[in-house]
Each structure stands twice: as C-alpha cells, then as structure tokens.
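A.B. asks: Sharing a structure here in structure tokens format.
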Amino acid sequence: MFEAKLQQGVIFKKIVDAIKDLVKSVNIDASTSGLSMQAMDSAHVALVSLKLNENGFKDYRCDRPITLGLSIENLSKILKCAGNDDTITLQTDEEEPSSLKFFFENQQASKISEFSLNLMSLDSESLGIPDTDYSSVIQMSSAEFSRICKELSSISETVEIETSKESVKFSVQGDIGAGSITVKNNQSDKDVDRVDLQIDQPVKLTFALRYLNMFNKAVSLSSTVSLNMSEENPLMVEYKIDDLGSLRFYLAPKISD
Amino acid sequence: LATQLLLSNFFNEM
C-alpha cells in the first residue's frame, strides 16, 4: 500500500511544470523515507534529481518500496485538473502497480476528483552522483539568475561562469558582440538583491544557456537558487522546496576546443 | 567553439 497526501498540491504541479521540457518519462521511487526521482534529458547532458521527504506530506504511507514509471506529458494532463489550492493524494494498493490513483480535493472538501494514470515500465538509467564538496557555491535570487540567463542567451548560446572571492561573472561572446554580468556579494536584506558567495576555490566553467533556461522553470518553487561548482564537474543548480525536499539539476560543462 | 560534454564523463552508470 502506498499513499502520499500533499497539503499544497500546487507544489507537485510546479515540480512537473519545471521538468516537463527536460525529461519525457521518469521513474518515481517511493520508499518509507519519501519520494525520489532521477532522470536525464535525451542528450544525457542534463539530469534532474528530486527528493521529497515523507515528513513533508500531510499523510504518507509506503509499506514496501515501489517504482512508479510515469509519462510526464500524461501526468501533466491529469495535474491540469487539480486546482492550485487542492490537496493532491497519490495512491496505489498493488505491489507491482499498473496504474497510480490521483485524488484532488478542494479546501472545503466539497469537490473531489479522482484520476487513474496508467504506469509505464521504464528501465532505470540512474547515474551514481557522488556527494561533492563544491569549491564555489553561489546563493542568489532565483528570479535574478533566471533573468541573467535569459538576457545573456540573446547574445550567445554559451555562458562562461567565473567565480572569485567577492564576485561571480557571467560572460558571453556571440556573432553580434560580447557581454558580461558581474554580481558581487551582497548581504542585502532584500531577497531579490541578496547574493551569498562561498568561494573556497575560484572556478571558470562554460555551460549551454538553453539548459539553464530550462532549469529556471523551477523558479516558482523557491525564491532562491544555489549554483554549485567545482572545476571539471557538472554544475549543480538546487531549488530547495520548503519543508519538503529539493529539486536539483546537474549540467555537464562545455570545453573550449 | 566549445564542445558539450556528457554526464557519463563525470558520473558512472549504476
């Protein structure tokens, strides 16, 4: 028996919206500790990793670990039927479920929707992601980072991110010219302006902006984002989801020939 | 021009 009830169902809707351009189908692994999901884009350049802890759910029960293979497109269609204020419950009684039940309830419990989504059997392509002690960590406004990526992608499809003790520089070079945005440490009390740099070792890495722009669809999940980098490592972009868990994106760097 | 690396250059398949 598996049942997970999320009080703020809108969080689940936002998560699916954030990843639907990146991955087509995912395995959600349910265990006693919560839900986890890891999937790569078709080019195996980017990876999304979701972890939702059981204690973040209103109700959570998972008698034995199960894997739920979902088509993101079909999941999106069902979630469109959930109101932003609804609770969302996932449920199945079977051990090897062929479908997953969804219940959407409004606040007054005066409207209850029930859907059943057919499950897919997907081979698990999971990668071993080592716990990395990143040498450069940037915490900043997710809206601000999203804006920087959007603005720079009009000049080039590739951005170089260079950190130093007191600032991070985003540089682009394209046919029309070049540009850079430098953001300094800023302990402002205004969320949108605050920038927190923890630079043990400076890094200079290059990434494809189109992936960063896809990651930034998660901006509605958290007002802050953290960029985690070490030389010769994929970038890890993390959106923490209050009291529930985190949505992480990994992106392999580009190397200049 | 820059070459895009793959995640399998960094993470091993489980």
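A.B. asks: Just check the range A:103-150 against the gyration tensor rule for me: Cα atoms, a ≥ b ≥ c as the square roots of the eigenvalues, rounded for a/c under 1.5, and otherwise prolate or oblate depending on whether a/b exceeds b/c.
C.D. replies: Oblate, because a/c is 1.5 or more while a/b does not exceed b/c.
A.B. asks: Starting from the Kirkwood Rh over alpha-carbon pairs, what translational D in µm² s⁻¹ does the range A:146-206 have by Stokes-Einstein at 37 °C and 0.692 mPa s?
C.D. replies: Rounded to a whole number, D works out at 264 µm²/s.
A.B. asks: Can you classify the range A:1-45 as rounded, prolate or oblate using the Cα gyration tensor, where a ≥ b ≥ c are the square roots of its eigenvalues, rounded means a/c under 1.5, and otherwise it's prolate if a/b beats b/c and oblate if not?
C.D. replies: Oblate is the answer for the range A:1-45, as a/c is 1.5 or above yet b/c matches or exceeds a/b.
A.B. asks: For A:L251, what charge total do you get from the other residues with a beta carbon under 11 Å from its beta carbon, if Lys and Arg give +1 and Asp and Glu give -1?
C.D. replies: +2
A.B. asks: Here's something else I'd like to know. Find the percent of Cα-Cα distances in the range A:68-121 that exceed 13 Å, and round it to a whole number.
C.D. replies: Every Cα pair in the range A:68-121 considered, those over 13 Å come to 58 percent.
A.B. asks: Let me ask something additional. Can you compute the helix-only [θ] at 222 nm over chain A? Use -39500 (n - 2.57) per DSSP H run of at least 4 residues, normalise by all residues, nearest 500 deg cm²/dmol.
C.D. replies: Helix-only estimate at 222 nm: -4000 deg cm²/dmol.
A.B. asks: Ranked highest first by the average count of other Cβ atoms within 10 Å around their residues, in what order do A:234-241, A:5-12 fall?
C.D. replies: Most protected by this proxy first, the peptides run A:234-241, A:5-12.
A.B. asks: Hey, got the Cα dimensions of the range A:31-86 along the principal axes, in Å, largest first?
C.D. replies: 37, 27, 17 Å, listed from the longest principal axis down.
A.B. asks: Using every alpha carbon pair in the range A:8-143, what percent of pairs falls into each 10 Å bin from 0 up to the bin containing the largest distance?
C.D. replies: 10, 38, 36, 13, 2, 0
A.B. asks: I'd like the orientation of helix A:9-19 relative to chain A: the angle between its Cα long axis and the longest Cα principal axis, in ° from 0 to 90, rounded to 10.
C.D. replies: 50
A.B. asks: Divide, for the range A:191-257, the radius of gyration over alpha carbons by 2.2 N^0.38 Å, where N is the residue count.
C.D. replies: It is 1.19.
A.B. asks: Further question on the same structure: Wrap a convex hull around the Cα atoms of the range A:183-229, take a quarter of its surface area, and give that in square nanometres.
C.D. replies: 4.1
A.B. asks: Stokes-Einstein at 37 °C, 0.692 mPa s, Kirkwood radius from Cα pairs: D for chain A in µm² s⁻¹?
C.D. replies: For the chosen part, D equals 168 µm²/s.
A.B. asks: Could you tell me the calculated FRET efficiency between A:Q198 and B:T3, based on Cβ-Cβ distance and R0 = 25 angstrom, to the nearest 0.05?
C.D. replies: Calculated value: 0.25.
A.B. asks: Which of the three applies to the range A:121-257, rounded, prolate or oblate, going by the alpha-carbon gyration tensor with a ≥ b ≥ c and a/c under 1.5 meaning rounded?
C.D. replies: rounded
A.B. asks: Normalised by the number of residues in the range A:1-79, what is the relative contact order in percent for Cα pairs under 8 Å and 6+ residues apart?
C.D. replies: Value for the range A:1-79: 42 percent.
A.B. asks: Pick out which of A:G174, A:G245, A:G69 has the largest mean-square fluctuation in a Gaussian network model of chain A, springs linking Cα atoms closer than 10 Å.
C.D. replies: In the Gaussian network model the winner is A:G174.
A.B. asks: Roughly what would the spin-label model give for A:C81 and A:S42, points 7 Å off Cα along C-beta, in nm?
C.D. replies: 2.8
A.B. asks: What is the distance in Å between the Cα centroid of the range A:71-119 and that of the range A:124-168?
C.D. replies: When both Cα centres are located, 34 Å separates them.
Taken together, the values in this text are just the output of simple stated rules run on the coordinates, not laboratory data. Just so we're clear, the structure is a prediction, and the values are computed from it rather than from any experiment. Reconstructed Cβ throughout: ideal geometry from the backbone, glycine too, with neighbour counts over all protein chains shown.
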